[in-house]
Every structure is written in structure tokens, then in C-alpha cells.
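Just below is one structure, and these are the notes that go with it.
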Amino acid sequence: MTAAPAIDRRSLMAMDPTLLLSGLLLVAIGLIAISSASIEYGDWHFQNAWHHTQRHLVYIVIALTAAALVYHVPPAFWLDTGWVWLFLALALLILVLVPGIGKDVNGSQRWLPLGPFTLQPSEFAKLALVIYLAGYLVRQEHEVRNEWQGFIKPMAVLGSVALLLMVEPDFGATVIAVGTAFGMLFLAGVKLRHFLLVLAVSLLGMLGLIFSAPYRVARLTAYTDPWADPFGSGFQLIQSLIAFGRGQWFGVGLGNSVQKLFYLPEAHTDFVFSIWAEETGFIGALLVMSLYAVLVGRVLWVARRAARVADNFGAYVCYGVAFIFSGQAFVNMGVSSGLLPTKGLTLPFISYGGTSLIMCCCMLAMVLRIERELRQPPGGAV
């Protein structure tokens, strides 16, 4: 009963400064980028140039509040309740597919309306999957490393999540969820032949999904040669590349983007990095990439420390968070710059979207708590 006030007074100072500062800087950059990229869109559609900025400020307050609550929860709680969060995620993924409940946007049914806001279950499902898998890998360590069934059981869970995500459809979230799960299982020490066999089957399955949907094939074609259809499937990528080209070294200045003037679709969401690169140039883009490198590197450092002291649950959670942050950042920036086929994925901490921001802040808070407990002396106040 006497330990709680101590963490309240010293909790901010007890946080790892590198993790905290890099996360807050990315949130701040996101607010600036969204404010600039959404002005014309908000003025045209909502008669309020600051519509998205005001909503994003609300999201930031909610995200930081949720992160503060998560930070005060010991990792043992997540270890014991991982299956609860997994079932909740599955329930939400099913609920969003129910006609009349899930909200359809541009042919994808990915959102649950909650009054003036919406919830995207796929964002919550990625975190829930990491928590569940981390707990499973701790409890079934011997079976995972030595028995075929130890590998198949989490694959069945992953398959259920992936199937529900593909029905929405949300191929981007599926790729991140599958990639994160495979990364965690590989680091857990599964037998290489088991891992490679299931990985090959999964890759073939994903290729089948790509070529089974005409719009995915069109995206792939546009990626290889966007100028073949400059006013159709290649339009978005071309406009994004123009934004990068206009930015040059130092950018055109904050607020001076031309591509956000209804040339580049989704300028404040999936392609916000393009507008940021246009307005701040190569230097601004390099700053964002450097912050992600620092953040992910520090998360992996915490994971390594946890593994050295046999805190396997903390290590697996950190590995999963690192895979999500790095995977989404790489895919989003790769799509924006034309290195990868067009895929709808948010840029962690930066893109407009309440659920994504809240989940990213909660994941960072979990890592901060794990790092704090690694420095906590045995029997000390938590």
C-alpha cells in the first residue's frame, strides 16, 4: 500500500529517457505533420481547417493517459491475462464484420463506430497477439523448441487472426501480424526445419491472396511501373514521388506543400510521410528515420537485457513491439517512397488515427515498464 505513491512521484524520472524522448518526439512530429497535411482537406470537407488537428490532440491526450495506466501495470498481469486479450481481440475482429455494426470505408470494413470516434480492432489485435504469444512462449518453452505441436498451436491462433483480418480486408495488418509472430517464434528457438516449412507455406498463401484479388494485382503493377497508368492505379504513387522530389534537401517549408492540395490522396493518414518529406526535405525525412532507428534499437536493447536476466516474457514482448514498430515504419515509408507496393499501413506515432496512436503509446509504455523493472532491485518498490 505504501509503494504506489512512490512511483507516482518518481515515475517520469524513472522512465528510460531514450525511449521516452524518441517516442514523444515522434508524437510531436505527427501532430505537426497532420496539422499541415490536413488543413485543406478539413476546410473542404468539414468547414474547419483545424478539424483533424483538434481531433488528433484529443487522441494524444487519450493515448498518453492510456500509456500512463499501462505503465503502472506490472508485466506479470499481462503474462497471466494474455489469453483474455486475445479472445477480446478475436471478438472485436468478428464484431467489425457484422453488417450494420462495422463501418465500411473504401470497400474495407475495418472500423467500429463509437459515437464521434471509431475503433480499429486490427490495431488492438496486433498488441493482443504479442502479449498472448509472449506468455505462450514462456509457459511452453520446451514444447515450442522441441515438439512439432508446440509450433503448430500458436500457428493455429495466428491463422485465425490472419483470416479475420483478410476478410475485412486488411492485408497490411495481416503482413505485420504474421511477420511479428514468426519473428517471435524464431527468437524463441523453434526448430529450423519446422520454421522454414511453415514460413514457406505462409509465403505461398500470401502470394495466393495477392493474385486472387484484382486490386492487389493492380497495386503490384502500379508499383513496378506507376506511369503505365498515371491517372489510375499509379496516380497515388506518382503524386507521392512528386512530393519527395519537391522536398529536395531542406523542403519547401512547413505548411507550403502543394501535394496536400488534393493531389495526393490520404495525405494525412497513410501518406503523411510524403507531405513531411516535401515540407522538410531529405533532412526532415532523415530525422524521422533516425528517431525510429533509435526507438527500435533501444527496445531491442531492453529485450536483450531482459533475456540476460531470464525475464523471457519481457524479452518476447519487447521483441514483438520492435517488430511492429520497425515493420510498420519500414512498410509505410517504403510505400511512400516507391520502394514497396502500395499498402494501407499507418506510420507509428505519426499518422492520423486514434486507435493506432493509442496502441503505439501503450506498447511503448509496456517496454518502459519492463525496462524499469529490470533496474528495480529485488524486493524494491514497484
> Just from the alpha-carbon atoms, what are the Rg and Dmax of the range 15-373 in angstroms?
Replying inline: 20.1, 61
> Against the longest principal axis of the chain, how steep is helix 354-375, in degrees 0 to 90 to the nearest 10, with axes from Cα atoms?
Replying inline: 30 degrees
> Listing Phe323, Phe77, Phe235 from the residue with the fewest other Cβ atoms within 10 Å to the one with the most, what is the order?
Replying inline: Phe77, Phe235, Phe323
> Summing Lys, Arg as +1 and Asp, Glu as -1, what charge do residues with Cβ under 13 Å from the Cβ of Leu264 carry, Leu264 excluded?
Replying inline: -3
> If each residue's Cβ is checked for other Cβ atoms within 10 Å, how do Lys343, Lys260 rank with the fewest at the top?
Replying inline: Lys343, Lys260
> Mean separation of Cα pairs under 8 Å and 6+ residues apart, divided by the residue count of the chain: what relative contact order is that in percent?
Replying inline: 27 percent
> How many lysine pairs in the chain, separated by 8 or more positions in sequence or lying on different chains, have Cα atoms less than 28 Å apart?
Replying inline: 8
> So what is the 222 nm mean residue ellipticity for the chain from helices alone, if each DSSP H run of at least 4 adds -39500 (n - 2.57) and you divide by all residues, rounding to the nearest 500 deg cm²/dmol?
Replying inline: -24500 deg cm²/dmol
> If you rank Cys362, Cys318 by fewest surrounding Cβ atoms within 10 Å, what's the result?
Replying inline: Cys362, Cys318
> About the Cα centre of the chain, what is the dipole size in debye to 20, counting +1 per Lys and Arg Cβ and -1 per Asp and Glu Cβ, all else neutral?
Replying inline: 800 debye
> For the chain, with the dipole built from +1 on Lys and Arg beta-carbon atoms and -1 on Asp and Glu ones, taken about the Cα centre, which of Asn48, Gly183, Ile324 lies farthest toward the positive end?
Replying inline: Gly183
>> Can you give the local net charge around Gly353? Use residues other than it whose beta-carbon is closer than 12 angstrom to its beta-carbon, Lys and Arg +1, Asp and Glu -1.
In response: -1
> By how many degrees, between 0 and 90 and to the nearest 10, does the Cα long axis of helix 75-95 differ from the longest principal axis of the chain?
Replying inline: 40 degrees
>> How many angstrom lie between the Cα centre of the range 304-349 and the Cα centre of the range 65-81?
In response: 20 Å
> For the range 208-331, what does the alpha-carbon gyration tensor say about shape, rounded, prolate or oblate, given a ≥ b ≥ c as the root eigenvalues, a/c under 1.5 as rounded, and a/b over b/c as prolate?
Replying inline: oblate
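Bear in mind that the values in this text are calculations on the coordinates, not laboratory data. Since the structure is predicted, the reported quantities are computational estimates derived from the model, not experimental observations. When we count neighbours, we look across all protein chains shown, and the Cβ atoms used for this are built from the backbone with ideal geometry, even at glycine.
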